[in-house]
Amino acid sequence: RIRTITNVVNNKIDGFNIRTGQKVWSSTLQTPSGDTNVYDSFGFKAAPVAGKLVLFGLGGDVWAYNSQTGEELWYTNTTQLIGPSGIETPYGTWPLWVFSSQAYTPEVAYLAIGHEYNPPLFHGGQLLAINMTDGSLVWSELGAYIRSVAIANGVLLSLNAYDNQIYAFGKGPTK
């Protein structure tokens, strides 16, 4: 098993063997344009899922790594997935909320666009379902899903702060 440490100052990520404490890999978070979004320095969220390490930041950047080797498997960001935010957010991009607003399966990462619940909420927040194989968008749903997102018995649940309703997402008859 591997434990990772991400440094928000230099965008380095290191993987350590939890049994021996030895560093087994090191990588630098980069985007196709070079540097990560400045808002990623607010904090990264990492989750081990089925041999992958999914990592994302408030700046909307998302990476998947092989958790054993540190090889980058794919990169995407919220602008690539759903288009530019324009003037809808103060960040210049669609931010990914890095606290308790995500859930994962081996096939899909569910990440929420948003920020701390400080009204007025900006328009256009969404819950993104991202393919864990290639980083492509599976689906998105309009909403400010800034609180917990959870999966139980094959159903994804979350509170939408736009209308204060709890939403349940499940596979339909065509799956």
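Inter-part distance, the range 103-136 to the range 30-62, computed on C-alpha centroids, equals 13 Å. Calculated on the Cα set of the range 20-67, radius of gyration then Dmax: 11.8, 36 Å. In loop segments of the range 25-109 as defined by DSSP, the GluC sites (Glu not before Pro) with at most 14 further C-beta atoms inside 10 Å of their C-beta are E71, E88, E107. What the Cβ-Cβ distance of D35 and S140 gives, at R0 = 30 Å and to the nearest 0.05, is a FRET efficiency of 0.70. For the range 22-175, the per residue solvent-accessible surface stands at 50 Å², with DNA, RNA and ligands left out and a 1.4 Å probe. Can you work out the base-10 log of I(q)/I(0) for the chain at q = 0.08, 0.19 1/Å, using the Debye formula on its C-alpha atoms alone? These q points yield log10 I(q)/I(0) values of -0.24, -1.27.
For the range 4-157, which whole-number percentage of the solvent-accessible area (1.4 Å probe, protein heavy atoms only) is attributable to carbon and sulfur atoms?
52 percent
Dividing the summed -39500 (n - 2.57) terms of all DSSP H runs of n ≥ 4 by the residue count of the chain sets its mean residue ellipticity at 222 nm at -500 deg cm²/dmol. The peptide list 74-81, 1-8, 40-47, put in order of mean Cβ contacts within 10 Å with the highest first, becomes 74-81, 40-47, 1-8.
If each residue of separation counts as 0.36 nm, what is the full-extension length gain between S26 and T133 once their alpha-carbon separation is subtracted? Walk me through the numbers before you get to the answer.
Working: separation 107, 0.36 × 107 = 38.52 nm, distance 2.17 nm.
Stretched fully, the S26-T133 segment lengthens by 36.4 nm.
The base-10 log of I(q)/I(0) for the range 45-93, evaluated at q = 0.17, 0.24, 0.30, 0.32 Å⁻¹, reads -0.55, -0.83, -1.07, -1.15 [Debye formula, identical scatterers on Cα atoms, solvent excluded]. Taking a straight line from the alpha carbon of K171, these lysines sit under 28 Å away, with near neighbours fewer than eight places off in the same chain left out: K45, K52.
Can you give the convex hull volume of the alpha carbon atoms of the range 107-175 per residue, in Å³?
96 Å³
Sorted largest first by accessible area at a 1.4 angstrom probe radius, with every protein chain in place, the residues D14, D163 fall in the order D163, D14.
The convex hull around the C-alpha trace of the range 1-42, projected and averaged over every direction, spans 3.3 square nanometres.
The values are calculated or read from the model by the stated rules, or taken from the named source; none is laboratory data. Treat the numbers as computed from the prediction; the structure is a model and nothing was measured. Cβ atoms come from the backbone with ideal geometry, glycine included; neighbour counts cover every protein chain shown. Keep in mind that these areas ignore ligands, DNA and RNA; they rest on the heavy atoms of the full protein, side chains included. Shrake-Rupley method; radii C 1.70, N 1.55, O 1.52, S 1.80 Å.
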